[in-house]
Structures are given as C-alpha cells and as structure tokens.
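Notes follow once the structure below has been shown.
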Amino acid sequence: MHEKHIGEPCPACRTPLQRRKSTFRTIAGDVAYCARCCSSFELAVDDERALALAPAPDFALV
C-alpha cells in the first residue's frame, strides 16, 4: 500500500486525502482516505516527528 500524507491530492481524482480509521485487518490505526473514490493509503511517517514521539530508551544500571 502506498504511503500518503493527510491533505495530499488523491492520485486518481486529485481530491485532498482525509484521516480515517482503518477497516483493514492488516493495518491498525488510521489511514489517508479519499471519500470521492473510496481509496485508502497508509499514513506516511515523517522521520523527525517519529523520533520526537519515540519513547525514551531504558538504560541498564551499572
């Protein structure tokens, strides 16, 4: 499945994509969805945002 950002134009009909809860069994969470042509895409993850939201690492006590 292709990765897209919310608000990007749909490749088929050029309508801006919306966020929608996934109805696929293999994808948990939200997807980028085109209401006009009923197509769904995985949400693209920005590396900077993913790093900022990552949990702090657990360090071993020495």
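What follows is calculated from the coordinates using simple rules that are stated; it is not laboratory data. These numbers were taken from a predicted model, which means no experiment stands behind them. Cβ: placed from backbone, ideal geometry, glycine included. Neighbour counts: every protein chain shown.
Work out, step by step, the length gained on full extension between Ser22 and His5: first 0.36 nm times the residue separation, then minus their alpha carbon distance; give nm to one decimal.
Residue separation times 0.36 nm, minus the Cα-Cα distance, leaves 4.6 nm.
Peptides 9-22, 28-41 ordered by packing proxy, namely the average of other Cβ atoms within 10 Å per residue, highest first: 28-41, 9-22.
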